[in-house]
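Read-outs: derived from the displayed coordinates by stated rules, not from any lab. Not measured: the values here are computed from a predicted model. Neighbour counts are summed over all protein chains in view; Cβ atoms, including those assigned to glycine, are modelled from backbone coordinates with ideal geometry.
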Amino acid sequence: MNDVTIFCGLGAAEAHNEIVQLAGKLKAPVAYSYKAKMAIQYKNPYEVGLTGLLGIPSAYHSMHESEVLLLLGTDFPYTPLSLMLASKDEEENTRMTRMTVSQN
């Protein structure tokens, strides 16, 4: 089980180097969306692939087996994901926080 998995969307494309550094410090696998693939995958020793219809099992399992899923630059469906990830026993203990940061 991973403590943290990082999931990146297209909005995180400009932060490739920072994401790789963060993944290294956290020892966290990095999954990404189809649109973010070209920006996040290259020279990233922590990448585990993309998710979704064209996704691969390593990304899926990393996201579902982690204690914390850090979503960067994505409009991923937060609430449905949290309920999908939590087992019936864990549902009441599942916590979500959403933070929006703009560079303005």
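Listed values, structure above:
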quantity	calculated
Gain on full stretching of the segment that runs from Lys25 to Met38 - 0.36 nm per residue minus C-alpha separation	2.4 nm
In order through the range 24-37: 3J(HN,Hα) via Karplus (6.51 cos²θ - 1.76 cosθ + 1.60), integer Hz, x for Gly, Pro	x, 5, 8, 6, 10, x, 10, 9, 7, 7, 4, 5, 8, 3
Translational D in µm²/s for the range 19-64 (Stokes-Einstein at 10 °C, 1.306 mPa s, Kirkwood Rh from C-alpha pairs)	151
Protection proxy ranking of 14-27, 59-72, 31-44 - average other beta-carbon atoms within 10 Å, highest first	31-44, 59-72, 14-27
Contour minus Cα-Cα distance for Leu70 and Glu18 (0.36 nm per residue)	17.3 nm
